[in-house]
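Worksheet: one structure, shown below.
Only the coordinates and a few stated rules stand behind these numbers; no lab work does. If you're wondering where the values come from, they're calculated on a predicted model, not measured in any experiment. Neighbour counts run over all protein chains shown; Cβ positions are idealised from the backbone, glycine included.
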Amino acid sequence: MCFCGRDYERNTRPVDLGGGFAEGTRPYYVKNLLKIMFKKSVLITGGAGFIGSHVVRLFVNKYPDYQIVNLDALTYAGNLENVKDVEKQPNYVFEKGDIRVADFLKNLFEKYNFDAVIHLAAESHVDRSIENPLAFVETNVIGTVNLLNAAKNLWKNDWRDKLFYHISTDEVYGSLGKTGLFTENTAYDPHSPYSASKAASDHFVRSYHDTYGLPSVISNCSNNYGPNQFPEKLIPLFINNIKLQKPLPVYGDGQYTRDWLFVIDHARAIDMIFHQGKTGETYNIGGFNEYTNIDLIHLLCDIMDEKLGRPKGSSRNLITFVKDRPGHDKRYAIDATKINKELGWKPSVNFEEGLSKTIDWYLENEEWLKNVTSGEYQKYYDEMYGGR
Ligand code: NAD
Ligand code: TYD
């Protein structure tokens, strides 16, 4: 009898477990059995999304003695294709559900008796937050508080070996001038509804640590890129547009600066912080890799011209300067000294290599791209770029 992986759901239905015990005692039995089978039960939220799927893959494969429960609402950004390669692993379970629903979370925490949470589920796109801020409050703020409550209620009598790990963004720190870096002590100064909602969620996580003693840790990372990113963010959107020879909509003058990190390196950092980070602490994660948007776009165009066998410079002709994003942050740059010094983390993939791998992935995964860009995506694309 297996109580693990995808069979879990099937096996929690009333079945004869050989002991002939009463129906009401079964969940207790299942919980204890899971405790024997797995060293830890870890909830990963947002594991069907871009970064979450890479974290799920890393944890499922690297830690066969952890039970990994992937909770995702499968919004437009969530896609089970992203984790298809691990779905049959015995230590993996998928649960479809919404972090905005407190009762659902209460039952889920009771069902799996989690030891730890790695919380990535979020509304994550700045442009969408400008169109619909409330959705960001509901998922990023209320959803996070619901999760904190579920963890607090389950763990309140014994915090030992428990951890609530909240994944956040460098955007909470606001915008830098030409010089300077965000450190863990930089004051929060969010400008978009997205960054404001992430800042609020960070504050709630710290408040649960300080008020109730909930063991928590937060990391704030710079812009990620890599396979499986939904093509609304700069890099995958532009890869797709270059491929289709569609205009490349550059906001404003293109002189905005971001620090880019390959998603696999972010997942590695999350693994290190999860295992070695100190509770109550914050860790900044960055790529030591600043690019202005226009320089990055030129590089992307040139690599793609070469890969697609097009004349050098031809994709640059697709660049179209469009109306700027309101409240557009000028520059983000992370000082990742703390995680480097204390945990020994540093990026392993340089930008040109990561970009080349990312482009190859999108060119090789046409079906994935076709699936995620059908239907609603077309409407979003027309609304976002039609009038700019
Ligand atoms: P994403 O949009 O690709 O994925 C988010 C996932 O959360 C999706 O699978 C979606 O279905 C799920 N989700 C959304 N609302 C939900 C809800 N109410 N209940 C349950 N699941 C829900 O996002 P991402 O880029 O992978 O970002 C993941 C996390 O990392 C976010 O918290 C984001 O703020 C943070 N982050 C992202 C970046 C980046 O560059 N993408 C950088 C730093 C931090
Ligand atoms: P994005 O990928 O949305 O990430 P974030 O806003 O979280 O940094 O955007 C990265 C940069 O690219 C940002 O300065 C906005 C800019 N941008 C464009 O110029 N055109 C686009 O179509 C998009 C989506 C972004």
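Annotations for the structure displayed:
- Signed unit charges on C-beta, dipole axis of the chain, positive-most listed residue I264, L181, L244: I264
- C-alpha long axis of helix 26-37 to longest principal axis of the chain, angle in °: 60
- Environment charge of F104, counting only residues whose C-beta is closer than 12 Å and scoring Lys/Arg +1, Asp/Glu -1: 0
- Simple point charges give the picture: +1 on the Cβ of Lys and Arg, -1 on the Cβ of Asp and Glu, and for the stretch 41-189 a dipole about the Cα centre of about 320 debye.
- Sequence-distant contacts, meaning Cα pairs under 8 Å at least 6 residues apart, place the relative contact order of the chain at 15 percent.
- What you get for the stretch 254-293, charging only the Cβ of Lys and Arg (+1) and of Asp and Glu (-1), is a dipole of about 40 debye around the Cα centre.
- Applying 1/(1 + (r/R0)^6) with r as the Cβ-Cβ distance of D189 and I36 and R0 = 45 angstrom yields a FRET efficiency of 0.40.
- Dipole of the stretch 162-319, positive end: most advanced residue of G309, I319, S192 [Cβ charges, Cα centre]: G309
- In the structure shown, the pairs K88/K111; K312/K346; K111/K278; K84/K379; K243/K379; K198/K330 are assessed against 24 Å; a Cα-Cα span above that value is assigned to K312/K346; K111/K278; K84/K379.
- Net +/- balance of residues flanking H328 in space, Cβ distance below 14 Å, scoring K and R +1, D and E -1: +1
- Taken along the Cα-to-beta-carbon direction at a fixed 7 Å, the label points for V101 and N132 span 1.8 nm.
- Under 14 Å, Cβ to Cβ, from I294 - net charge with Lys/Arg +1 and Asp/Glu -1: -1
- Among 38-48, 314-324, the order from most to least packed when residues are scored by Cβ within 10 Å on average: 38-48, 314-324
- D65/R206 FRET efficiency (R0 30 Å; Cβ-Cβ; nearest 0.05): 0.45
- Counting neighbouring Cβ atoms within 10 Å and putting the fewest first, the residues M304, M384 line up as M384, M304.
- The fewest-to-most ranking of I242, I142 by surrounding Cβ atoms within 10 Å reads I142, I242.
- For the chain, size of Cβ-based charge dipole, Lys and Arg +1, Asp and Glu -1, in debye: 520
- With Rh defined as the Kirkwood radius, the inverse of the mean 1/r over Cα pairs, the Rg/Rh of the chain is 0.98.
- 0 to 90° range, to nearest 10: angle between helix 263-276 axis and the chain longest Cα axis: 40
- Using the Cβ-Cβ distance between K330 and D302 with R0 = 25 Å, the FRET efficiency computed as 1/(1 + (r/R0)^6) comes to roughly 0.50.
- Relative to the longest principal axis of the Cα atoms of the chain, the long axis of helix 234-244 lies at roughly 60 degrees.
- Euclidean distance of C-alpha centroids, the stretch 123-137 and the stretch 74-113, integer Å: 22
- For the peptides 60-66, 231-237, the ranking by mean Cβ contacts within 10 Å, running from highest to lowest, is 231-237, 60-66.
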